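Inspection log for the structure reproduced underneath, given as structure tokens.
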Amino acid sequence: MAEKIGVYVCHCGSNIAGVVDVVDVARWAEDTLPNVRVARDYKFLCSSPGQEMIEKDIKDLGLTRVVVAACSPHLHEMTFRNACKRAGLNPYLFEMVSIREQVSWVTKDQVLATQKSKMLIASGVRRVVYHQPLEPLFVDINPNVLVVGGGIAGIQAALEIADQGSHVYLVEREPSIGGHMAQFDKTFPTLDCAACILTPKMFTAGSHPNITLLTWSEVEKVDGYVGNFTVQIRKKARKVITEKCTGCGVCEEKCPKKVVDMVFEAGMGTRKAIYTPFPQAVPKYPVIDVENCIYYQRGTCKACEKFCPTGAIDFDQQDEMLTVQVGNVILATGYELFDARRVPQYGYGRLANVITNLEFERLSNTAGPTGGKIVLRDGVTVPQTVGIIHCVGSRDIKYNVDCSAICCMQSLKFAHLVKEKTGAKVYNFYIDIRTPGKTYDEFYRRILDEEVRFIRGKVAEVTDVPRFPGEEGKLIIQVEDTLAGRQLRVPVDMVILSAAMQPRADAKEVAKKFGISCSANGWFIERHPKLDPVATMTEGIFIAGVCQGPKDIPASVAQGAAAAARVLSLIGKKQVVLEPVRASINQEQCSGCRICNNLCPFNAITFIEDRAVSEINPALCQGCGTCVAACPAGAITGAHFTNQQIMAQIEGILWDVGNGHGVQEELERVPA
């Protein structure tokens, strides 16, 4: 029996109709294409009246297939599938054709755009005939959750979930949770003490009955699928028995070995070989730095062991491997600071008083190495003039094309702190001032009122070579003031570089481990940048905070809470519904070559040794089609993307060049 197909063409306001003659396209589809029972155009098909029109036609005209020509399937495929479902039609007997992203937004010639739209609709009509009814997969959800990263986004996500009664494993690679925010002095625009708003959350996370805190730990391996992940975690040896340690600090006090702290103090201060990163660290237990400990270097010392009142030091302690079962994962792995040495003309690492934003945070912090005194590298001299350079390593095609989102506000904060603590003259060298957040522009105006000088222009060079009187012993910032249209040489005592946020060096490795993707710039990719910014293309894996892209603290907190809400919604359902678009293997045809095993990006294919065939776990499979294309025996079929469907689609797209027989007939003419 011939199918009854309904074709619906959306105007999308003027997005499509402004370029494509949608009325002509709909009329052509009804008059020309086989099996088309009705074709209509409508202003906004995604609206309630638009969906109701489709539902009514399915019921009244007995439609067995539906094709909608509108925007991207990423945006509204589920909308129209649900409309079909409400009308009693299996939602997978629907096909969506993109004539906005693939036609009207990229084709300005109206005649060509209309013709191209017809061909795309022809391909959809040809394809939908071969669609098969599919039923969704149901997977039980383990209520336990893994949160990777103990910065502010990870802490927020963990607390939101734990407060609702689910157990959370919070994994952090450093000895303490807190992330970069723990290093900061004040937070813009309100200038709250960072520690005052962060440490209560840290303490709550560390003492929460539903949170297992795994600091000084890293995820080694992830297996499984949404609802049922098995995660192996390496708990690195602290060389301290935490059950015995009271966090008294005697071991750190007695340790004779001092080390420059390149992590928490950003190289501006020192720590001992046994240490806690900062006084408010959670947990309070110290860690022995094996690479710098005298005992591990020479076999002597053991001062920490001798003076520990509870006998908590264990030099023989080994790494421990833990295996946990969780239903969902939230990645909040954060960022790392751009290495300002990569911009050699700014002199960082060569000129002593050129420092980075993170170094200045520690310098101005009352708990920092100078007690909050802003001084030059000699530790004594207070700067009289300070230059702050924005966008170091960001908005630059040589390094990072992204705007780092926080640099402008951060630099304004630095200007205020310098003024407040030293009274120095401050210059801000900026490309553009970006203050889009709530009360951010008010903060900008406040800094202007404090007589901070703003010079618009990208700094060319920072040098200590004087050319004019008054430049001796100074750092000279060479810049073009683009507003005044002249070159300037500005002598200062200190230069602060607002270095960019950039993805962590191991971001791609982490992404591969969890079965998600990174952008070309290295940030984790979300399912949809506007409509689904915390989910990923892998079901059950969510992202939050700066690992998804540059953002400030409020946005990171909001995203952590949003990711937690998504996870809690799945836990509350107790089951998750999975898309049935999955690959399957015909085991009679499978030769056991294992090519597909190594190619699957989601680790969904395993080799069954006793039968010498491969098998696909449908809960892990994401239907990407890699294995289907690679299988030399043609033993793998992709549901909803069969060879028959794809060939029919190609035949439709070549409608206007047909020569009396279809593409499939042409292929049959080609010798094997």
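The values are calculated or read from the model by the stated rules, or taken from the named source; none is laboratory data. The model shown is predicted, which means the values in this text are computed figures rather than measured ones. Here the Cβ is made from the backbone with ideal geometry for all residues, glycine too, and neighbour counts use every protein chain on show. These accessible areas exclude ligands, DNA and RNA; they are computed on the full protein's heavy atoms, side chains included. Shrake-Rupley method; radii C 1.70, N 1.55, O 1.52, S 1.80 Å.
Pull up region 32-78, narrow it to residues that are β-branched (Val, Ile, Thr) and at pLDDT 95 or above, then point me to the one that is nearest to Gly18 (Cα to Cα). Give the derivation first.
Of region 32-78, the ones β-branched (Val, Ile, Thr) are 32, 36, 38, 54, 58, 64, 66-68.
Okay, now just the ones that are also at pLDDT 95 or above, so 36, 38, 54, 58, 64, 66-68.
Details: Val36: 25, Val38: 23, Ile54: 23, Ile58: 29, Thr64: 31, Val66: 24, Val67: 21, Val68: 18 Å.
Among them, the one singled out is Val68.
Pairs are defined by a Cβ separation below 8 Å, a sequence spacing of at least 6 or placement on different chains, a first member in region 615-636 that is more than 27 Å from Val577 (Cβ to Cβ), and a second member that is outside any loop (DSSP other than H, G, I, E, B) and of a type outside the set (Val, Ile, Thr); the pairs so defined are Ala630/Cys596; Ala630/Leu599; Cys631/Cys596.
Condition check for Gly592 on (1) at positive phi; (2) modelled with pLDDT of 90 or more; (3) open to solvent by 30 Å² or more (accessible area, probe 1.4 Å); (4) not β-branched (Val, Ile, Thr): one failure, at (3). Residues in region 471-511 that are under 25 Å from the mean Cα position of the chain (by Cα), open to solvent by 30 Å² or more (accessible area, probe 1.4 Å) and within 24 Å of Cys408 (Cβ to Cβ): Arg504 only. Here region 293-310 is the region considered, the condition is being out of contact with any helix residue (DSSP H, G or I) (no Cβ under 6 Å at 6 or more places or on another chain) and open to solvent by less than 40 Å² (accessible area, probe 1.4 Å), and the residue that is nearest to Arg238 (Cα to Cα) is Cys293. Quick check: anything in region 396-406 touching a residue at least 40 places away in the same chain (Cβ under 8 Å), open to solvent by 40 Å² or more (accessible area, probe 1.4 Å) and under 29 Å from Gly249 (Cα atoms)? No; the residues of region 396-406 include none that is touching a residue at least 40 places away in the same chain (Cβ under 8 Å), open to solvent by 40 Å² or more (accessible area, probe 1.4 Å) and under 29 Å from Gly249 (Cα atoms). Consider only pairs whose beta carbons are under 7 Å apart and that are at least six residues apart or on different chains; among these, list those whose first residue lies in region 201-222 and is more than 16 Å from Pro175 (Cα to Cα) and whose second residue is open to solvent by less than 30 Å² (accessible area, probe 1.4 Å) and outside any helix (DSSP H, G or I). Listed pairs, sorted by first residue: Asn210/Ser166; Asn210/Val168; Ile211/Val168; Ile211/Leu170; Glu220/Ile233; Val222/Phe229; Val222/Val231.
Per-residue answers, yes or no, for (1) in a strand (DSSP E or B); (2) over 30 Å from Tyr430 (Cα atoms); (3) in contact with a strand residue (DSSP E or B) (Cβ under 8 Å, 6 or more places away or on another chain):
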{"position": "Ile496", "(1), (2), (3)": "yes, no, yes"}
{"position": "Lys512", "(1), (2), (3)": "no, yes, no"}
{"position": "Pro554", "(1), (2), (3)": "no, no, no"}
{"position": "Ala558", "(1), (2), (3)": "no, no, no"}
{"position": "Ala562", "(1), (2), (3)": "no, yes, no"}
{"position": "Leu568", "(1), (2), (3)": "no, yes, no"}
{"position": "Cys590", "(1), (2), (3)": "no, yes, yes"}
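Considering region 570-588, the residues that are assigned to a loop (DSSP other than H, G, I, E, B) and open to solvent by 50 Å² or more (accessible area, probe 1.4 Å) include one that is farthest from Val329 (Cα to Cα), namely Glu588.
Of the residues making up region 153-185, those that are without any contact (Cβ under 8 Å) to a residue 60 or more places away in the chain and among the β-branched types (Val, Ile, Thr) number 1.
Consider Arg446 carefully, then state whether it is touching a helix residue (DSSP H, G or I) at 6+ places or on another chain (Cβ under 9 Å) and basic (Lys, Arg). Answer is yes for this residue.
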